[in-house]
Amino acid sequence: MTALAWRDVGYAYPDAAPALHDVDLEVTAGDVVLVAGPSGSGGGSPPYVISSISSTVFSAATDSNWHDVPGASVSFSVAAASPVSLTWNFAVPVGGLVFMRLALDGAPLAGSQAFIMGTSFMTGAYQATASGGAHVISLQYQTDSAFSYDPSVPWESAVLQALVFDQ
């Protein structure tokens, strides 16, 4: 049974050459993995991936407030300020406009806002730096158009992934 799988994972530190490029890794339950490299190459602090796939059926709140997408959040802790690479996907049937964004510890991440118009989907990627400590990143929406999310419908999805590099 696969315990961890990475496909085409990449990451570059700000103002630096890529640290990871097109990495594929599959670890099965019970495997022992050794990460080796020269001193300072980051082998002692590999990134970890956290994913959240919402399995919660919900109906949209249609006020002017931002709301967390139920089940689409990730929690993590880092020892010091660390880069975080985020990707998300949200697909719902809606007859109007839905705004989406990411929030770190409840505060919006500037530049992460996007929108869905009509029955559609939105995918995105974002780079952030998290200060040392425990954090929660959530996918949020805002709309005045009614919609319902049902993950049992094959094409509806709410997914949030974080690739965390603990410094």
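The values are calculated or read from the model by the stated rules, or taken from the named source; none is laboratory data. Computed from a predicted structure; not experimentally measured. Neighbour counts are summed over all protein chains in view; Cβ atoms, including those assigned to glycine, are modelled from backbone coordinates with ideal geometry.
Summary table
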| item | result |
| --- | --- |
| Meets criteria (over 30 Å from residue 16 (Cα atoms), in a strand (DSSP E or B) and outside the structural domain of residue 18 (by TED's automatic domain parsing)) for residue 137 | no |
| Check on residue 80, without any contact (Cβ under 8 Å) to a residue 40 or more places away in the chain, of a type in the set (A, V, I, L, M, F, W, C) and not in a strand (DSSP E or B) | no |
| Selected residue [at pLDDT 90 or above, over 26 Å from residue 15 (Cβ atoms), more than 11 Å from the chain's Cα centre (by Cα) and in the same structural domain as residue 155 (by TED's automatic domain parsing)] from 93, 108, 70 | 70 |
| Some residue of the range 104-116 being of a type in the set (D, E, K, R) and over 19 Å from residue 163 (Cβ atoms) | no |
| Selection count, the range 88-103, where residues are closer than 25 Å to residue 165 by Cβ and surrounded by fewer than 19 Cβ atoms within 10 Å (Cβ to Cβ) | 2 |
| Flag for residue 55 being outside any strand (DSSP E or B) and either in contact (Cβ under 8 Å) with a residue 24 or more places away in the chain or under 25 Å from residue 6 (Cβ atoms) (or both) | yes |
| Odd one out for residue 98 among (1) farther than 22 Å from residue 57 by Cβ; (2) in contact (Cβ under 8 Å) with a residue 40 or more places away in the chain; (3) more than 13 Å from the chain's Cα centre (by Cα) | (1) |
| Pairs with Cβ under 7 Å, 6+ apart, first in the range 115-140 and within 17 Å of residue 67 (Cα to Cα) and in contact (Cβ under 8 Å) with a residue 24 or more places away in the chain, second loosely packed, with under 14 Cβ neighbours inside 10 Å and of a type in the set (D, E, K, R) | 136/105 |
| Any hit, the range 143-153, residues being outside any loop (DSSP other than H, G, I, E, B), crowded, with 19+ Cβ neighbours inside 10 Å, over 15 Å from the mean Cα position of the chain (by Cα) and not assigned by TED's automatic domain parsing to the domain that holds residue 15 | yes |
| Check on residue 85, crowded, with 19+ Cβ neighbours inside 10 Å and among the polar types (S, T, N, Q) | yes |
| Checklist (1) in contact with an Asp or Glu (Cβ under 9 Å, 6 or more places away or on another chain); (2) free of Cβ contacts under 8 Å to residues at least 24 places away in the same chain applied to residue 91, failing item | (2) |
